[in-house]
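Only one structure is covered here, and it is reproduced in the block below.
The values are calculated or read from the model by the stated rules, or taken from the named source; none is laboratory data. Given the structure is predicted, the values throughout are model-derived calculations rather than measurements. Here Cβ is always computed from backbone atoms with ideal geometry, including for glycine, and neighbour counts include all displayed protein chains.
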Amino acid sequence: MTAIDPSTLDIEARRARRFARITKADGWFRVLGLAWLTPILRAAAGDNPRAQLGEVWRLLGVPLVAIGVFVALWATLAPQVQTSLGAVPGPVQVWEQVGELRQDAVREGEREAAFYERQEARNAEHIANGDTDRVRDRVYTGKPTYYDQIWTSIKTVFFGFLVASIVAIPLGIAAGLSVTANAALNPLIQIFKPVSPLAWLPIVTMIVSAVYTTNDGMFSKSFLVSAITVTLCSLWPTLINTALGVSSIDKDLVSVSRVLKMNTYTKITKLVLPSALPLIFTGLRLSLGVGWMVLIAAEMLAQNPGLGKFVWDEFQNGSSQSLARIMVAVFTIGIIGFLLDRVMYALQSMFTFSNNR
Amino acid sequence: MKTTLAILLATSSLLATSAAAQSLDLEKEDLTLGFIKLTDMAPLAVAYELGYFEDEGLFVTLEAQANWKVLLDGVISGELDGAHMLAGQPLAATIGYGTEAHIITPFSMDLNGNAITVSNEIWDEMKPNVPLMDDGRPQHPISAAALAPVVEDYLDRGEPFNMGMVFPVSTHNYEIRYWLAAGGLQPGFYSEQDISGQIGADVLLSVTPPPQMPATMEAGTIFGYAVGEPWNQQAVFKNIGVPVITDYDMWKNNPEKVFGISAQFAEENPNTTIALTKALIRAAIWLDENDNANREEAVQMLSRPDYVGADAEVIANSMTGFFEFEKGDVRPAPDFNVFFRYNATYPFYSDAIWYLTQMRRWGQIPETMSDEWYFETAADVYRPDIYLEAARMLVDEGMANEADFPWDSDGFKAPTPASDIIDAIPYDGRTPNAYIDSLPIGLKSGQTVLDGEIQG
């Protein structure tokens, strides 16, 4: 008899394969913020449960306990602060408002359906009367719901961020490659980077109003104002990081490109971009985060549609539910900001081999 | 046979009605209208919620605005097709005070609806100067004379006495100035060089947007304010202040907000303008009909977060005929908010002229103007012709009563008698300069403010 049973060997191999797969998946779990899944899967796959349990506790238990402590502290401390709008709302009241906002959205949906029904009836009547030129299909004129506001904000931030990236990456590459370009851009970056969004906003508003005079163009003015403000503020992290990434390319690689007599385009696409990509993505992540923060402030001040306007409207309403509703918005803003960061992190992991942030 | 005929007639007239309602050839059907979170925007909310706009073939989006300046700019730039406005705004814009633009109003939104509130601390200092009624409650209306010694104390200590109003050309600015001046306090002048409005002032007035009034007073930046509802009742509910006088007690049935559109919009879209006015008149009728029977429903509408958004009980106070002064001191105020009766929606020239006299009184109009100038400016901005055209169509369609409209008015209300005004100075819109000269505090004919001094 041979010492090792072939079937055991087979099991061993399968086990090893399974662990390899879990290790591979772990990379993705980390990106998605689900790192605690790995030890659970490992334990399920037969790894030492005790050690894995410790991991689960660290990755899942501790954060959950922290959140629990936070909620408990909030629930006990909040009612003790009396404002003129009543006590500061605790978690229960805030959760109630989540339901209220959902109810609002449902009600608005019903009104919207009724609006379209009336419109159809009207159109049918026009057709019956032979007034086909009076048939109109128009979009519902009612209030944006909370979900609409969230969606508006997300669209705006991505538009502004996209424009910022389109401007910042080429400029950053130029600044990184050429000392002259860097000398030209540097003072501008230093001066404009610290400017608050609230200072940009009046300027942007005036310029957009002057330049974009049509009232039925592709974008609404308020959308452009918010988006451009986001662009102006979120430009800088990408620009600076791109410049840094490009300028710190391995000198040997640059020498190689000289030897190969690469033209500028090939040099940028084949050499500069791949090696600067991790830093560019770091810049993009920072930019999106800045953009999101800036957007809410801009919406609040300019009363442009979005979550910022929701917060400001509720502050102005001054009803007994206002504070709780604002807190719902605060959590929404936080969670969406976190998700945006995760999306960028995931993109970064997809495009770069090294995950050094 | 007779009944068949009657039914036939009735149906044909019904058909005629619906045809008439649709007969306006609208130049623009999709409109965005702005408003400020105040109960007197109610006609807009009602016209939207009850489908009056849609009945006229209009598809309206209502948008809350951050403050009166943003709202005015929106109407001027065309981003807003029209808006709930301070009566002074179309007038000031048309004569070029602030941003210049020709704005008109075919519809006046309401009468009364404002009050002046002071913080609890100021009220405590003021209260000893207020005469009491037999039941121990303060006697209303309270004159600013009760505030005068308090202000004097502040000035003696070298501390400025700050109060808030909502906009330089707002009703509230003129009302709080009227009240202060009637009580012997100087609210300060405007001049061409100094537009702060605080030249020679005992009480420093500054601008705060309506919904922020309670918060600003709570923070101690201002000691009191003049604002529309619900922001006075809010101060009572939040326990941070005491309304001392309503504008009804200062001047019975004084004109308040208007619906403003740019003259260009009205010129390019005459039928749309009439349709808009029709919908708003219907809303105003609904708000006042059957002795304010619909007010409770209106309160529910207004308390929705996209309109005024304050708690329904706060809005209900003034909207349903009561006003709460000190906490628990609830007094009946049946005419606190008037939307239709007493011809509230008709844009009277004499109302416009009163605002212009106040602009002149405080130096916003720097030079003396002829009486004719007042009449012409009023006729330039206030457009009863559009209003009456809309009203006529509503009457023809059976949606309004012939008797409810002043068909033969020349645009001037009967002079307000002395007994209806807190300082007993009567107002007659036909003699603006004589009226200005009859007011004890303020600029008189021939006077101007130069380098912080009254000249002439």
Subject >> Sole exception among (1) within 10 Å of another protein chain (Cβ to nearest Cβ); (2) surrounded by fewer than 24 Cβ atoms within 10 Å (Cβ to Cβ) for B:Ile36, by number >> reply: (2)
Original post:
Out of region B:287-314, which residues are acidic (Asp, Glu) and assigned to a helix (DSSP H, G or I)?
Top reply: B:Asp288, B:Glu289, B:Asp291, B:Glu296, B:Glu297, B:Glu313
Original post:
Can you pull out the residues in region B:411-428 that are of a type outside the set (A, V, I, L, M, F, W, C), in contact with a strand residue (DSSP E or B) (Cβ under 8 Å, 6 or more places away or on another chain) and more than 26 Å from B:Glu376 (Cα to Cα)?
Top reply: B:Asp420
Subject >> Criterion: over 20 Å from B:Val70 (Cβ atoms) and β-branched (Val, Ile, Thr) - qualifying residue of A:Thr213, A:Thr180, A:Thr205 >> reply: A:Thr180
Original post:
Residue check, B:Thr277 against (1) assigned to a strand (DSSP E or B); (2) closer than 30 Å to B:Leu58 by Cα; (3) of a type outside the set (Gly, Ala, Ser); (4) touching a helix residue (DSSP H, G or I) at 6+ places or on another chain (Cβ under 6 Å), all met but one. Which one?
Top reply: (1)
Original post:
How many residues are surrounded by 12 or more Cβ atoms within 10 Å (Cβ to Cβ) and either modelled with pLDDT of 85 or more or outside any loop (DSSP other than H, G, I, E, B) (or both) when one looks only at region A:121-161?
Top reply: 23
Original post:
Got a number for residues in region A:132-160 being β-branched (Val, Ile, Thr) and either under 17 Å from B:Leu58 (Cβ atoms) or free of Cβ contacts under 8 Å to residues at least 60 places away in the same chain (or both)?
Top reply: 5
Subject >> Subset of region B:289-344 that is without any contact (Cβ under 8 Å) to a residue 40 or more places away in the chain and of a type in the set (A, V, I, L, M, F, W, C) - its residue that is nearest to B:Phe405 (Cα to Cα) >> reply: B:Ala293
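Conditions tested, residue by residue: (1) touching a strand residue (DSSP E or B) at 6+ places or on another chain (Cβ under 9 Å); (2) within 14 Å of chain B (Cβ to nearest Cβ); (3) without any contact (Cβ under 8 Å) to a residue 12 or more places away in the chain.
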residue: A:Leu277; (1), (2), (3): no, no, no
residue: A:Ile280; (1), (2), (3): no, no, no
residue: A:Gly283; (1), (2), (3): no, no, no
residue: A:Leu288; (1), (2), (3): no, no, no
residue: A:Gly291; (1), (2), (3): no, no, no
residue: A:Ala298; (1), (2), (3): no, yes, no
residue: A:Leu301; (1), (2), (3): no, yes, no
residue: A:Lys309; (1), (2), (3): yes, yes, no
residue: A:Asp313; (1), (2), (3): yes, yes, yes
Subject >> Which listed residue is away from chain A (no Cβ under 14 Å) and buried (at least 24 other Cβ atoms within 10 Å of the Cβ), from B:Ala226, B:Ala263, B:Ala235 >> reply: B:Ala226
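Residues A:Phe315, A:Phe338, A:Phe351, A:Phe310: which one is surrounded by fewer than 19 Cβ atoms within 10 Å (Cβ to Cβ), of a type in the set (Phe, Trp, Tyr) and closer than 28 Å to B:Pro211 by Cβ?
Result of the check over A:Phe315, A:Phe338, A:Phe351, A:Phe310: A:Phe315.
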Original post:
So which pairs qualify, if the first residue must be in region A:86-112 and over 18 Å from A:Gln321 (Cα atoms), the second must be modelled with pLDDT under 90 and aromatic (Phe, Trp, Tyr), the Cβ gap must be under 9 Å, and the two must be at least 6 apart or on different chains?
Top reply: A:Glu108/A:Tyr140; A:Arg111/A:Tyr140; A:Glu112/A:Tyr140
Original post:
Which residues, counting only those in region B:301-329, are surrounded by fewer than 18 Cβ atoms within 10 Å (Cβ to Cβ), under 19 Å from B:Gly228 (Cβ atoms) and away from chain A (no Cβ under 13 Å)?
Top reply: B:Thr320, B:Gly321, B:Phe322
Subject >> Which numbered condition A:Asn129 fails, given (1) within 12 Å of chain B (Cβ to nearest Cβ); (2) over 30 Å from A:Thr282 (Cα atoms); (3) in contact (Cβ under 8 Å) with a residue 24 or more places away in the chain >> reply: (3)
Original post:
Residues in region A:130-152 that are polar (S, T, N, Q) and under 18 Å from the mean Cα position of the chain (by Cα): how many?
Top reply: 2
Original post:
What number of residues in region B:55-108 are more than 13 Å from chain A (Cβ to nearest Cβ), among the hydrophobic types (A, V, I, L, M, F, W, C) and closer than 19 Å to B:Phe167 by Cα?
Top reply: 12
Original post:
Only one residue in B:Ile436, B:Ile441 is touching a helix residue (DSSP H, G or I) at 6+ places or on another chain (Cβ under 8 Å), among the aliphatic types (A, V, I, L, M), touching a residue at least 40 places away in the same chain (Cβ under 8 Å) and part of a helix (DSSP H, G or I). Which one?
Top reply: B:Ile436
Original post:
From the list B:Asp110, B:Asp135, which one is over 17 Å from B:Thr246 (Cα atoms) and either exposed (fewer than 14 other Cβ atoms within 10 Å of the Cβ) or of a type outside the set (A, V, I, L, M, F, W, C) (or both)?
Top reply: B:Asp135
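Quick one: which of A:Ala87, A:Ala44 is surrounded by 11 or more Cβ atoms within 10 Å (Cβ to Cβ), modelled with pLDDT under 85, of a type in the set (A, V, I, L, M, F, W, C) and within 30 Å of B:Ala219 (Cβ to Cβ)?
A:Ala87
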**OP:** Answer yes or no: is there a residue in region B:342-354 that is in a helix (DSSP H, G or I) and hydroxyl-bearing (Ser, Thr, Tyr).
**Re:** yes
Original post:
Is there any pair linking a residue in region B:107-134 that is without any contact (Cβ under 8 Å) to a residue 24 or more places away in the chain to one that is surrounded by fewer than 24 Cβ atoms within 10 Å (Cβ to Cβ) and of a type in the set (A, V, I, L, M), with Cβ under 6 Å and at least six apart or on different chains, and which?
Top reply: B:Asn129/B:Ala146; B:Val130/B:Ala146
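On the given criteria, is A:Leu185 away from chain B (no Cβ under 14 Å), farther than 20 Å from A:Phe351 by Cα and not acidic (Asp, Glu)?
So A:Leu185 passes the test.
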Subject >> Filter result for B:Gly220 (closer than 24 Å to B:Trp354 by Cβ and surrounded by fewer than 21 Cβ atoms within 10 Å (Cβ to Cβ)) >> reply: no
**OP:** State the number of residues belonging to region A:177-213 that are touching a residue at least 40 places away in the same chain (Cβ under 8 Å), closer than 23 Å to B:Val75 by Cα and more than 23 Å from the chain's Cα centre (by Cα).
**Re:** 1
Original post:
Of the numbered conditions (1) more than 30 Å from A:Val88 (Cβ to Cβ); (2) of a type in the set (S, T, N, Q); (3) within 14 Å of another protein chain (Cβ to nearest Cβ); (4) crowded, with 18+ Cβ neighbours inside 10 Å, A:Ser234 satisfies every one except a single condition; which is it?
Top reply: (3)
